[in-house]
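Asks: Sharing a structure below in structure tokens format, with a few things to ask.
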Amino acid sequence: MPTILINKILVIRLSSLGDILLTTPVIRVLKQQYPAAKIDFVVKEQYKDALLFNPNISNLFIYEKEKAQKLNSGLRDTSYDLIIDLQNNFRSHKLTGGLKAKIYRFKKLSIKKFLLVWFKINLLKDLKTISQRYAETAGVSIEGKMPELFLPQNVTTRLEDGINYIGFCPGSKHFTKRWLPEYFIHLGNELAKLGFKIVLFGGKADGELCNAISGNIQGCVNLQNDDQLLQTAADMKRCKLILTNDSGLMHTASAVGVPLIAIFGSTVREFGFFPVGAQNLILENKSLSCRPCSHIGKLSCPKKHFKCMKELTPEFVLNQLQMFKEGI
């Protein structure tokens, strides 16, 4: 971090949900290091709720492709001292065009990810979280700082007190990151027999999936909604445990401090998107030489067998869940 006087800082991370939440430890440390500085953030409309009530952010700017030039003009008029570009793509470069501040850009390690996916050469064994790598970009340390999601007082849970809820997050943008729906159903019914009540969480894209699962689990509560992140987070806090795929809702559970179990299929923790903060357990099939087949997920299994998910059976997950729950 430069030694010049810092009064105005701009942070850019346009998407996606998990990536946005993983910037929050850096935002907190920047505010602690420069308490008088104004910290502004640029994000896409659909992810603004992740930052909307963050007290460390002065202004939240919404990125729209068709209005990017206008936003760029406004940013130039602000005269920032420091810009931290955690997106580092064509759009963020256009946003910072003409801005005279010192700019630090996130290094995506694309070559290392390529080597791991295609040749299984692992140069990412240090297992740094994305938050840690964001912090390195900004030149700060986030030791002891975890992702956080701030909720307004008027958003309260719809779940009853005194019930042993376990949350399921069956969705993910890419098919190869989703545990099988029939496995969620089998596990949900086994947990119901043990006295737990299953709650389903998901966004707008998960409606069909959540409806199919909820109708087949005894006593299931379906709280899938149209991307109402803050409501989802408030309801998650009432759960004893969250079971999730590698998804944005995994990071949401972590950011509100709920213990979680994350199931990883085609992706691996070396990419940095593993949960931090809350107590957690990652379940993955380490016996396969084809993993990872992608750093973001695919529409189908390239090998046609989908063993990375199919071999993580409901019986195995139930056993791991029971042992994990005993330890929290």
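Asks: Examine the stretch 40-63 for a residue that is at pLDDT 95 or above, hydroxyl-bearing (Ser, Thr, Tyr) and farther than 13 Å from Val11 by Cα, and state whether such a residue exists.
Replies: Within the stretch 40-63 (the criterion being at pLDDT 95 or above, hydroxyl-bearing (Ser, Thr, Tyr) and farther than 13 Å from Val11 by Cα), the answer is yes, since at least one residue qualifies.
Asks: Just checking, which of Ser131, Ser110, Ser79, Ser141 is of a type outside the set (Lys, Arg) and in contact with a Ser or Thr (Cβ under 8 Å, 6 or more places away or on another chain)?
Replies: Ser131
Asks: Still on this structure, please answer the following. For the stretch 158-172, how many residues meet the condition of being of a type outside the set (Phe, Trp, Tyr) and buried (at least 17 other Cβ atoms within 10 Å of the Cβ)? Don't jump to the end; show me each part of the working.
Replies: So in the stretch 158-172, the residues of a type outside the set (Phe, Trp, Tyr) come out as 158-164, 166-167, 169-172.
In the following step, the residues that additionally are buried (at least 17 other Cβ atoms within 10 Å of the Cβ) were identified as 159, 166-167, 169-172.
Of the residues in that region, 7 qualify.
Asks: Taking Gly171, is it modelled with pLDDT of 95 or more, in contact with a helix residue (DSSP H, G or I) (Cβ under 6 Å, 6 or more places away or on another chain) and small (Gly, Ala, Ser)?
Replies: Answer is yes for this residue.
Asks: If you don't mind, there's one more thing I want to ask. Can you tell me which condition Thr232 does not meet? The list is (1) in contact with a Phe, Trp or Tyr (Cβ under 7 Å, 6 or more places away or on another chain); (2) closer than 24 Å to Phe316 by Cα; (3) free of Cβ contacts under 8 Å to residues at least 40 places away in the same chain, and all the others hold.
Replies: The failed condition is (2).
Asks: Of the residues Ser294, Ser287, Ser247, which single one is more than 21 Å from the chain's Cα centre (by Cα), over 20 Å from Phe196 (Cβ atoms) and not β-branched (Val, Ile, Thr)? Walk me through how you get there before you give the answer.
Replies: Values: Ser294 fails: more than 21 Å from the chain's Cα centre (by Cα); Ser247 fails: more than 21 Å from the chain's Cα centre (by Cα).
When all the criteria are applied, what remains is Ser287.
Asks: Moving to a separate point now. Using the structure shown, decide if Lys38 is farther than 20 Å from Leu149 by Cα and either of a type in the set (Ser, Thr, Tyr) or surrounded by fewer than 22 Cβ atoms within 10 Å (Cβ to Cβ) (or both).
Replies: In short, no.
Asks: Can you pull out the residues in the stretch 129-168 that are modelled with pLDDT of 95 or more, more than 30 Å from Leu191 (Cα to Cα) and charged (D, E, K, R)?
Replies: Answer for the stretch 129-168, where residues must be modelled with pLDDT of 95 or more, more than 30 Å from Leu191 (Cα to Cα) and charged (D, E, K, R): Arg133, Glu136.
Asks: From (1) crowded, with 18+ Cβ neighbours inside 10 Å; (2) in the same structural domain as Phe264 (by TED's automatic domain parsing), pick out the condition that doesn't hold for Asn189.
Replies: Status for Asn189: all satisfied but (1).
Asks: Hey, which of the helices (runs of 4 or more DSSP H) in the stretch 122-229, taking only ones fully inside, have at least 1 residues that are closer than 30 Å to Tyr104 by Cβ and under 21 Å from the mean Cα position of the chain (by Cα)?
Replies: The qualifying helices (runs of 4 or more DSSP H) are 130-138.
Asks: A further question on this structure: Here is a list: Ile62, Ile27. Which entry is surrounded by 16 or more Cβ atoms within 10 Å (Cβ to Cβ) and either in contact with a His (Cβ under 6 Å, 6 or more places away or on another chain) or among the β-branched types (Val, Ile, Thr) (or both)?
Replies: One residue alone meets the criteria, Ile27.
Asks: Any chance the stretch 12-20 includes a residue that's in a strand (DSSP E or B) and crowded, with 17+ Cβ neighbours inside 10 Å?
Replies: Among the residues of the stretch 12-20, at least one is in a strand (DSSP E or B) and crowded, with 17+ Cβ neighbours inside 10 Å, which makes the answer yes.
The values are calculated or read from the model by the stated rules, or taken from the named source; none is laboratory data. What you are looking at is a predicted structure, and each value in this text was computed from that prediction instead of being measured. Heads up, the Cβs are rebuilt from the backbone with ideal geometry, glycines too, and the neighbour counts pull from every protein chain shown.
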